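Enquirer: This is the structure, below, for whatever I ask next.
The values are calculated or read from the model by the stated rules, or taken from the named source; none is laboratory data. As the structure is a prediction and not an experimental result, all values here were calculated from the model. Please note: Cβ atoms are built from the backbone with ideal geometry, for glycine as well, and neighbour counts cover all protein chains shown. With ligands, DNA and RNA removed, areas are computed over all heavy atoms of the protein, side chains included. Shrake-Rupley method; radii C 1.70, N 1.55, O 1.52, S 1.80 Å.
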Amino acid sequence: DGAFTAAEGAVRDFRQTVEDKSKIGQYVFGGFAKNLYAVTKFDSDAERLFSIVLENDADVEKWFRPAKGQFQLFYKSGVDYKEYQPDFVAETAAAIYMCEPKMRKEVADPAVLAKKEAAELWCERASSHTATYVGKPWKYALIPHDVIAANMSLKRLVGAG
């Protein structure tokens, strides 16, 4: 995401449905209580719905959409390594989740699976480090877009418990 600004009055309530979902990336959303940032942009309506899940879920303490380069996370793509930025990071009392809502048809895509593998390894290493000072474990979740609904919990979406 990175830095962006919005004209006063141009910030949309994240709970309000966007009529033309193809234009969702043009909007800036606000009204969050648990987001570390006052305003956020989304690339899809599934991401907007996921933010509602995070805001509604009593187990979620805080969340944010990471900025490019924040995790220094790379995946193999052919002979190159490309940077991967997960869509969301959400913290509960028990764990920190790196979450990636994705179109169902893209879940088995080789690039998506390579990103998942890289993120799972990153989470494994981060968890090993946080265990040295009684920190929270990190977990990765690839979430098909068509299972996301505003009345769900993060725990149910990531398949925890």
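Enquirer: Output the 0 to 90 degree angle, nearest 10, between the alpha-carbon long axis of helix 45-56 and the longest principal axis computed from the alpha carbons of the chain.
Expert: The two axes meet at around 80 degrees.
Enquirer: Next question. Would you indicate which of [x] 15.8, 48; [y] 17.8, 56; [z] 24.9, 86 is the value of Rg and Dmax of the Cα atoms in Å derived from the coordinates of this structure?
Expert: Given [x] 15.8, 48; [y] 17.8, 56; [z] 24.9, 86, the calculated one carries the label [x].
Enquirer: Using the alpha-carbon atoms, what tilt in degrees (0 to 90, nearest 10) does helix 110-131 show relative to the longest principal axis of the chain?
Expert: That helix lies at roughly 70 degrees to the long axis.
Enquirer: Here's something else I'd like to know. Given axes a ≥ b ≥ c from the Cα gyration tensor, I'd like to know whether region 9-99 is rounded (a/c under 1.5), prolate (a/b larger than b/c) or oblate.
Expert: Oblate, since a/c reaches 1.5 and b/c is not below a/b.
Enquirer: Here's a follow-up. Compare Asp146, Asp87 by solvent-accessible area with a 1.4 Å probe and give them largest first, with all protein chains kept in place.
Expert: Asp146, Asp87
Enquirer: Quick one: of Lys82/Lys102; Lys62/Lys116; Lys102/Lys139; Lys68/Lys155, which pairs are farther than 20 Å apart, Cα to Cα?
Expert: The answer is Lys62/Lys116; Lys68/Lys155.
Enquirer: Can you list the GluC sites (Glu not before Pro) in region 1-106 that are in a DSSP coil and have 10 or fewer other beta carbons within 10 angstrom?
Expert: Those that pass, being in a loop and sparsely packed, are Glu8, Glu19.
Enquirer: On a full-extension model of 0.36 nm per residue, what is the gain between Val18 and Asp146, subtracting their alpha-carbon distance, rounded to one decimal in nm?
Expert: 44.4 nm
Enquirer: In what order, largest first, do Asp109, Asp43 sit by accessible area if the probe radius is 1.4 Å?
Expert: So the residues, ranked largest to smallest area, are Asp43, Asp109.
Enquirer: Something else: Using amide H atoms built in the peptide plane, which far-off residues or other-chain residues are under 5 Å from Met152 H to H?
Expert: When sequence neighbours closer than 5 places are left aside, there are no close amide H contacts.
Enquirer: What percent do you get for the relative contact order of the chain when only Cα pairs under 8 Å and 6+ apart count?
Expert: About 20 percent, as a whole number.
Enquirer: Of Tyr140, Gln85, Leu157, which is farthest on the positive side of the dipole of the chain, counting Cα position, with +1 on Lys and Arg Cβ, -1 on Asp and Glu Cβ, and the Cα centre as origin?
Expert: Projecting each Cα onto the dipole axis, the largest value belongs to Tyr140.
Enquirer: While we're here: Could you run the Karplus curve 6.51 cos²θ - 1.76 cosθ + 1.60 with θ = phi - 60° over region 144-152 and give me ³J(HN,Hα) per residue in whole Hz, x for Gly and Pro?
Expert: With coefficients 6.51, -1.76 and 1.60, one gets x, 4, 7, 9, 7, 9, 4, 8, 8 Hz.
Enquirer: Using unit Cβ charges (K, R positive; D, E negative) and no other charged atoms, how large, in debye to the nearest 20, is the dipole of region 1-106 about its Cα centre?
Expert: 240 debye
Enquirer: Further, regarding this structure: Ignoring ligands, DNA and RNA, please state the percent of accessible area on the chain from carbon and sulfur, probe 1.4 Å.
Expert: Exposed carbon and sulfur together represent 51 percent of the surface.
Enquirer: Going by the alpha-carbon gyration tensor, a ≥ b ≥ c the square roots of its eigenvalues, is region 103-161 rounded (a/c under 1.5) or, if a/c is not under 1.5, prolate (a/b greater than b/c) versus oblate?
Expert: oblate
Enquirer: Right, something else. Picking from Val53, Val11, Val89, which is most flexible by a Gaussian network model of the chain using Cα springs under 10 Å?
Expert: It is Val11.
Enquirer: Using heavy-atom solvent-accessible surface (probe 1.4 Å) with all chains present, what is the largest-first order of His129, His145?
Expert: These residues rank, largest area first, as His129, His145.
Enquirer: Give the shape of region 78-139 as rounded, prolate or oblate, defined through the alpha-carbon gyration tensor: a ≥ b ≥ c are the square roots of its eigenvalues, a/c under 1.5 means rounded, and otherwise the shape is prolate if a/b is larger than b/c and oblate if not.
Expert: oblate
Enquirer: Which one of Pro101, Pro110, Pro137 has the biggest mean-square fluctuation once the chain is modelled by GNM with Cα springs under 10 Å?
Expert: Pro110
Enquirer: What figure in square angstrom, to the nearest 10, would you give for the accessible area of Ser128 with a 1.4 Å probe?
Expert: Rounded to the nearest 10, the figure is 70 Å².
Enquirer: Another question, then. Please identify, among Ala67, Ala119, Ala46, the residue showing maximal mean-square fluctuation in a Gaussian network model of the chain using a 10 angstrom Cα cutoff.
Expert: Ala67
Enquirer: Restricting to DSSP loop positions (anything but H, G, I, E, B) with no more than 13 other Cβ atoms inside 10 Å of their own Cβ, which chymotrypsin sites (Phe, Trp or Tyr not before Pro) remain in region 1-102?
Expert: Those that pass, being in a loop and sparsely packed, are Phe4, Tyr37.
Enquirer: Could you provide, to the nearest whole Å², the per residue accessible area of region 17-82 with probe 1.4 Å?
Expert: Accessible area per residue: 53 Å².
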